[in-house]
Amino acid sequence: NKLKVLNPNFKLIILGSGPMSEMIKKFCQDKSWCIWVGAQTGLEKAKYLAVSDVLLNPGLVGLGILDSFVAKVPMVTTNCGLHSPEIAYLQQYQNGLMTANTIDAYVEGVQKVIHNTTYRNTLLKGCAESAKHYTIENMATNFLNGILRALAHQ
């Protein structure tokens, strides 16, 4: 709600499904600026990311960070302590942002991404560079090289 108050044109599209789905549906019911579309994959997910300026993920970050990079939509998260190992891909102030785990810090970080053009452009460039680095091909090559190194030590 704070982001909507600070940004009258703010729209929130919530993707995903899980144990909180009913609560999210209720939250969105009386808010024309907020919609829940459930779990999305492939082209459908890409369409939602294509119309987004920022990817909000204040909780557990996992492989969704790769969506941020490929779609060139900077992710803002918090230091909530719940993240999967993929959080290591986030390079603070370069391809995304991790704020303190408070509403005020999070809103301030999102505001900076939305309104500071220079900062936003830095994050967009970082997302594009990260998308080139974190590819299936690179992961497969790294995996193969790891196996070969392990076999060489036998």
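The values are calculated or read from the model by the stated rules, or taken from the named source; none is laboratory data. Computed from a predicted structure; not experimentally measured. Cβ placement follows ideal geometry from the backbone for every residue including glycine, while neighbour counts extend to all protein chains displayed. Accessible surface is based on the protein model in full, side chains and every heavy atom, while ligands, DNA and RNA are left aside. Shrake-Rupley method; radii C 1.70, N 1.55, O 1.52, S 1.80 Å.
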Point to revise | Qualifying helices (runs of 4 or more DSSP H) (wholly inside segment 1-106; at least 3 residues being within 22 Å of C127 (Cα to Cα) and touching a Phe, Trp or Tyr at 6+ places or on another chain (Cβ under 7 Å)) | key: 64-71
**Study point:** Enumeration of residues in segment 19-33 that are of a type in the set (A, V, I, L, M) and either at positive phi or touching a Leu at 6+ places or on another chain (Cβ under 8 Å) (or both)
**Key:** none
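Condition test on L123, is it surrounded by fewer than 17 Cβ atoms within 10 Å (Cβ to Cβ) and either within 29 Å of P8 (Cβ to Cβ) or free of Cβ contacts under 8 Å to residues at least 12 places away in the same chain (or both)?
Values: surrounded by fewer than 17 Cβ atoms within 10 Å (Cβ to Cβ): no; either within 29 Å of P8 (Cβ to Cβ) or free of Cβ contacts under 8 Å to residues at least 12 places away in the same chain (or both): yes.
No, not satisfied.
Give the residue that is farthest from G109 (Cα to Cα), with candidates limited to residues of segment 48-58 that are surrounded by 12 or more Cβ atoms within 10 Å (Cβ to Cβ) and of a type outside the set (S, T, Y). It would help to see each step written out before you state the result.
Initially, segment 48-58 is screened for residues surrounded by 12 or more Cβ atoms within 10 Å (Cβ to Cβ), giving 48-49, 52-58.
Now drop any that are not of a type outside the set (S, T, Y), which leaves 49, 53-58.
Values: L49: 19, D53: 13, V54: 11, L55: 12, L56: 10, N57: 12, P58: 11 Å.
The extreme case among them is L49.
Filter segment 107-119 down to the residues that are outside any loop (DSSP other than H, G, I, E, B), free of Cβ contacts under 8 Å to residues at least 60 places away in the same chain and open to solvent by 30 Å² or more (accessible area, probe 1.4 Å) and list them by number.
Going through segment 107-119, the residues outside any loop (DSSP other than H, G, I, E, B) turn out to be 107-115, 117-119.
Checking the rest, the ones that are also free of Cβ contacts under 8 Å to residues at least 60 places away in the same chain come to 108-109, 112, 115, 117-119.
Scanning segment 107-119 gives E108, K112, H115, T117, T118.
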Review point. Looking at segment 129-145, which of its residues are hydrophobic (A, V, I, L, M, F, W, C) and either outside any helix (DSSP H, G or I) or surrounded by 14 or more Cβ atoms within 10 Å (Cβ to Cβ) (or both)?
Key: A131
